[in-house]
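To keep things clear, I will list the structure first and then write my remarks on it.
The values are calculated or read from the model by the stated rules, or taken from the named source; none is laboratory data. Because the structure is predicted, anything quoted here is derived from the model rather than measured. A quick note on method: Cβ atoms are made from the backbone with ideal geometry, for glycine too, and the neighbour counts reach across all protein chains shown.
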Amino acid sequence: MLSRTADNLYWIARYMERADIAARLLEVGSRITLLPSAHGYRSEWDSLLQSSGTADGFARKYGDPVQRNLESWLFFDRDNPSSVASCITAARENGRIVRTALTSQVWDALNTAFQELRQLERTPRSELELSRLTDWVMRHAAMVRGAIDATLLRDDGYNFLNIGYYLERGDNTARLMDVKYYVLLPSLDLVGSGIDNYQWITLLRAMGAQRAFHWAYGGEVTAAKIADFLILNPQSPRAIITCVAGMNNHLGRLAKAYGRSTRAQAKAAAMLAELETTNVEAIFDEGLHEFLSRFIGESAELGTLIHEGYLSGDVR
Amino acid sequence: MRLSVDHVTKYSYDQPVRGVVQSHRLTPSAFEGQTVLDWQIEVSDGTPGGQFRDGAGDRIQSWSVQGPVTEITVRVRGTVETVDLAGMLKGHRETVKPEVYLRETKATWADPGLVALAAAVEGAANPLDAAHRLSGAVADAITYSPGVTEAQTTAAEALAQGAGVCQDHAHALIAVARHCDIPARYVSGYLCADAEGAPHEAAHAWAELFVPGLGWIGFDPANRCCPDARYIRLGSGLDAQDAAPIRGIARGPGAETMLVTVSVAPGQSRSSGEGPSSGQSQSQTQQ
Amino acid sequence: MRRALFSPKGGCLTDLNKNPEQDRGVVQVTDYFNEMYQNGAVRPPYARLEDWMRTMPAEFRQMKQAEAEALFRRIGITFAVYGEGGDPDRLIPFDMFPRVFTGQEWAKLERGIKQRARALNAFLVDVYGRGEIVKAGRIPARLVYQNEAYEKAVVGFVPPKGVYSHIVGIDLVRTGPEDFFVLEDNCRTPSGVSYMLENREIMMRMFPDLFRENRIQPVDSYSERLRRTLASVAPAKCKGEPRIAILTPGHFNSAYYEHSFLADLMGVELVEGQDLFVEGEYVYMRTTEGPKRVDVIYRRIDDAFIDPLCFRPDSMLGVPGLMDVYRSGGVSICSAPGAGVADDKAVYTFVPEMVRFYLGEEPILNNVPTWQCNKADDLKYVLDKLPELVVKEVHGSGGYGMLVGPKASKAEIETFRAKIEADPDNYIAQPTLALSTTPTFVAEGIAPRHVDLRPYCLVGEQIDLVPGGLTRVALTEGSLVVNSSQGGGVKDTWVLAE
């Protein structure tokens, strides 16, 4: 397939996943502000903005993290390339370009999300409850994902879409964890304190994994259990290992279909091998922040290799 | 006259580039005034592409360099036997109609200054006389002066300055000729320095005007003559850009610098086993 | 509104007898040709539609109209026809009342269209070769060799099978039962064919009964025939099944939908300039599996943007080196660069002459009489008769830069007069044509509206025409301008089986 087409598909997935994350951030952020916190909600918001990589942009445009501004920034603001509106628009535009590589169901899902977004943008903000907005995003993200899974041919395009989804999701899980860990818990001693638990639970909620976590582990919430759940538990849909395994799977299918591997496959396999053989203790020994930073770096490197090996058009 | 050419163009990039594509018009034209004894074009890391003779009779050869590279050298070497045909392009096979060369381009647009200059044609005895008069008028109006004009300078600008190089002379002559409904075109080629060491460029350009009954005739206002045995003709076009011996594009963010050295000298065929050609040779360097 | 109009057979225009126009058949016309009714009776091709029309309840019609609109929007077929620009998300109104031709009527049109497409290609082969038609004095050299659209770069190169224009869109208008006129030729990249196909698709979905009752020749083979046409002009160097790609300016282009639609129907890649590159003797596309050679490029971009090395050095669009590959036989480009010289509005006047010169036949389809403003006599006549004439820019398109005399205000006419006087070379004038009408659904019910027709003739190893085309309709009462940017809509076009 054309490299540019593969690139468009890959970015449809990344943008849809990113929109979903933006909505989750918005939800978890507003929840935090409703409750007391050790550092005040400003620092909570700041940490969330940092995880999305848009804290500077926000500060430049709005200054103080006021709830309404945050909603504008994370949902509607086109100056924020990671806002829901920016992501859905970009996903739909990528979809329009490769319209013929999609089924009508996938296109419908993308196009409907975009058309409804335009309606939302025209609706007075006073009529829009935050929960309605976040539910709306997650619903449409799920509809696009569902249409892809249910209707798309399992060809290379399908693999590029999935690679985009898993790469974006794994990266976001790591960033969310890193921000919570690094910003809110400067000292490991605080793990286990009441406040800390609350922060961690908020994190789980952001990933829509709170109930799943309790089913999987039960008992007291500990940093180790949460780290295991979000990094190493292959049952957890947003766990880093799940995302890396997903990339391995789809990169493997590409290698098989094309009859050759690239450096991306080797990189993804190495990342998976490490995750499969490590454990939480080893991660804490290395330092959670150090581990996450390293993963974020490796994930970016894998992204570069995928770009070079398939998407750049310079493939030989 | 036997002329040896050594023409090296070196492109340097401050960052590696990929997918370089070039289109060359670097082979001497086939006509009675010149016979190629040997001719060789090398492109560093290059893959030769399609080659063909275009409608104007020029031999076009394309090259590509996959890259990444930071430097590309195009080297042209060869020997041509020339005879003086007093500028006439005898025995040249081409299918483009002369009328096509009445079309205006940006570089050859006749502004009021050039229109005034074209008045030199008044009283001409015949079309050939008209062509000579125009060429003389251009030579009078623009003095040879390297460095005052650039590759993008138009005929009108050069005339306004009253100074320029061979490219400007050729553009100005083309502009006035077309204004008088005389088909005219830009010719790129080489010129061997003469014994007196008159100032001119080894990589040279002049104009051809179409004279009914005689066909295309070269005029070199820069040297106030018609091309003779010292000239090697490569190809033609509507203006300098259209007739460029090398056109190319590189993919990548790198900035390009170009270094050209050309030497044209009376000399032996390299195949005769002689070393570097002796005699006067002239080199020039442009940035 | 009755006006001074032109119609062929003796029919038309006003105030003639005065001069250079006498031989152009200018007479007063009193009526438009209605394709459905003639002398109070229904013409045969519309016989079965009469009932359908009369018995359709208003609510049903509204429901169907809404359904059609929803279908178009859902498909995403939102573009401007004929490169008119404008909002890319705009929907062109679809009129459900079909336009119908009998098989016999079509047979004549088909002969005329194919004849014209052959002559246009013969002309291109000639003017990029020996130029016999110019030498014979049948067309002025200046018009050809100094034409903006004439490409010096392709002189002497004969494209595979000698075809320059592979898809010829010929715009036709009708003024009477037997009278068709060619308004203009489109030899480069005529657009709108996706409407022809989608209009039919939607009509068949909404009114299957109509298709059972009427024997309508299908058009859906167009994409396969187009693919076959393109494949038939693959370069000699191509061995095996040629790989075809459609080259689009990109997704911001107003006709992007059509480009992707055709690529999808033919099962070929849709590429932008950046997806292609030249290496060695060939052009390749950039794929996830590495370079894949491309043999035939159906380009939907202008000549100027094909290759920055050859045409526009300032443009980073296009594919550097593509023209060298083309000229050395490594790839075919459809239509051939330089094909536009055949559809220039000034060259148009000479097409009947081309038919005679190259084919030794009389033209089956007539031109509209045209006055060239660069000729003193013609200019004088045009300026005298401005309120009655249609004046067009030689290089204009899409109904812009155009004066429809009978519809223009005094001030508009005077403004245009100044423009013509300032640059007469740039204008041609034609009589205001009495475009035929067909029944059209309007707010009040059904009413006659003016239409034109663009069939798409395919030229490759063989010459091919699907029975149908794009009918454009001027939805505003009395309007003769069918361009979508000026209130035009589209209709399904039927050719009945005999």
*Give me the pairs: first residue in the stretch A:93-116 and more than 11 Å from chain C (Cβ to nearest Cβ) and charged (D, E, K, R), second residue surrounded by fewer than 19 Cβ atoms within 10 Å (Cβ to Cβ) and assigned to a helix (DSSP H, G or I), beta-carbon distance under 9 Å, and six or more apart or on different chains, which are they?*
A:Glu116/A:Trp136
*Is one or more of the residues making up the stretch A:169-180 surrounded by 16 or more Cβ atoms within 10 Å (Cβ to Cβ) and modelled with pLDDT under 80?*
yes
*Residue that is farthest from the other protein chains (Cβ to nearest Cβ), among those in the stretch C:263-284 that are among the aliphatic types (A, V, I, L, M), free of Cβ contacts under 8 Å to residues at least 60 places away in the same chain and more than 18 Å from C:Gly240 (Cα to Cα)*: C:Leu276
*Considering each residue of the stretch C:143-194, count those that are part of a loop (DSSP other than H, G, I, E, B), of a type in the set (S, T, N, Q) and more than 14 Å from chain B (Cβ to nearest Cβ), and give that number.*
3
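Can you tell me which residues in the stretch C:187-231 are of a type in the set (S, T, N, Q), touching a helix residue (DSSP H, G or I) at 6+ places or on another chain (Cβ under 8 Å) and under 30 Å from C:Tyr32 (Cα atoms)?
Across the stretch C:187-231, the qualifying residues are C:Ser191, C:Ser194, C:Asn214, C:Gln217.
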*Name every residue in the stretch C:360-379 that is surrounded by fewer than 19 Cβ atoms within 10 Å (Cβ to Cβ) and β-branched (Val, Ile, Thr), in order of residue number.*
C:Ile364, C:Thr370
*Does the stretch B:2-23 contain any residue that is surrounded by 15 or more Cβ atoms within 10 Å (Cβ to Cβ), of a type outside the set (Lys, Arg) and assigned to a loop (DSSP other than H, G, I, E, B)?*
no
_Of the conditions (1) in a loop (DSSP other than H, G, I, E, B); (2) farther than 17 Å from C:Thr493 by Cβ, C:Ala263 satisfies every one except a single condition; which number is it?_
(1)
*asked:* Of the conditions (1) within 21 Å of the chain's Cα centre (by Cα); (2) away from chain C (no Cβ under 14 Å), B:Asn126 satisfies every one except a single condition; which number is it?
replied: (1)
*Return the residue satisfying two criteria in turn: it lies in the stretch C:285-302 and is in contact (Cβ under 8 Å) with a residue 40 or more places away in the chain and among the basic types (Lys, Arg), and of such residues it is farthest from A:Gly259 (Cα to Cα).*
C:Arg300
*Can you confirm whether the stretch B:86-93 contains a residue that is surrounded by fewer than 20 Cβ atoms within 10 Å (Cβ to Cβ), within 14 Å of another protein chain (Cβ to nearest Cβ), among the basic types (Lys, Arg) and farther than 30 Å from C:Tyr282 by Cα?*
no
*Which condition number does B:Thr27 fail, the rest of (1) part of a strand (DSSP E or B); (2) under 21 Å from B:His204 (Cβ atoms) being met?*
(1)
*Residues that are aliphatic (A, V, I, L, M), farther than 30 Å from C:Pro140 by Cα and within 11 Å of chain B (Cβ to nearest Cβ): which helices (runs of 4 or more DSSP H) entirely in the stretch C:297-383 hold 1 or more of them?*
C:322-327
_Condition broken by A:Gly313, with the remaining ones in (1) modelled with pLDDT of 95 or more; (2) more than 18 Å from A:Glu168 (Cα to Cα); (3) within 13 Å of chain C (Cβ to nearest Cβ); (4) touching a helix residue (DSSP H, G or I) at 6+ places or on another chain (Cβ under 6 Å) satisfied_ = (1)
_Filter the stretch C:204-220 down to the residues that are hydrophobic (A, V, I, L, M, F, W, C) and either exposed (fewer than 14 other Cβ atoms within 10 Å of the Cβ) or not in a helix (DSSP H, G or I) (or both) and list them by number._
C:Phe207, C:Ile216, C:Val219
*State yes or no: is A:Ile306 outside the structural domain of A:Leu9 (by TED's automatic domain parsing) and under 25 Å from A:Arg205 (Cα atoms)?*
no
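Quick grid of which residues meet (1) over 16 Å from C:Val173 (Cα atoms); (2) without any contact (Cβ under 8 Å) to a residue 24 or more places away in the chain:
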site	(1), (2)
C:Phe350	yes, no
C:Glu353	yes, no
C:Phe357	yes, no
C:Pro369	no, no
C:Gln372	yes, no
C:Lys375	yes, yes
C:Asp378	yes, no
C:Asp384	yes, yes
C:Gly405	yes, no
*Which members of the stretch B:141-182 meet the condition of being out of contact with any Lys or Arg (no Cβ under 9 Å at 6 or more places or on another chain) and charged (D, E, K, R)?*
B:Glu150, B:Glu157, B:Asp168, B:Asp181
*How do the pairs read when you match residues in the stretch B:34-62 that are at the interface with another protein chain (Cβ under 9 Å from one of its Cβ atoms) and at positive phi with residues anywhere that are aromatic (Phe, Trp, Tyr) and part of a strand (DSSP E or B), using Cβ under 9 Å and keeping only pairs 6 or more apart or on different chains?*
B:Gly57/B:Phe31
_Looking only at the stretch C:465-483, and only at residues there that are hydroxyl-bearing (Ser, Thr, Tyr) and surrounded by fewer than 21 Cβ atoms within 10 Å (Cβ to Cβ), the one that is farthest from C:Glu198 (Cα to Cα)_ = C:Ser479
*With (1) within 14 Å of chain B (Cβ to nearest Cβ); (2) at pLDDT below 95; (3) surrounded by 15 or more Cβ atoms within 10 Å (Cβ to Cβ) as the list, and C:Asp126 as the residue in question, which single condition is left unmet?*
(2)
_Please list, ordered by residue number, the helices (runs of 4 or more DSSP H) wholly in the stretch A:1-100 having 3 or more residues that are among the hydroxyl-bearing types (Ser, Thr, Tyr), modelled with pLDDT of 80 or more and not assigned by TED's automatic domain parsing to the domain that holds A:Gly164._
A:3-33
*Quick one: in the stretch C:168-203, which of the residues that are more than 26 Å from C:Arg43 (Cα to Cα) and of a type in the set (S, T, N, Q) is surrounded by the most Cβ atoms within 10 Å (Cβ to Cβ)?*
C:Ser191
*Would you point out the residue of the stretch C:436-464, among those that are of a type in the set (Ser, Thr, Tyr) and touching a Leu at 6+ places or on another chain (Cβ under 9 Å), that is surrounded by the most Cβ atoms within 10 Å (Cβ to Cβ)?*
C:Tyr456
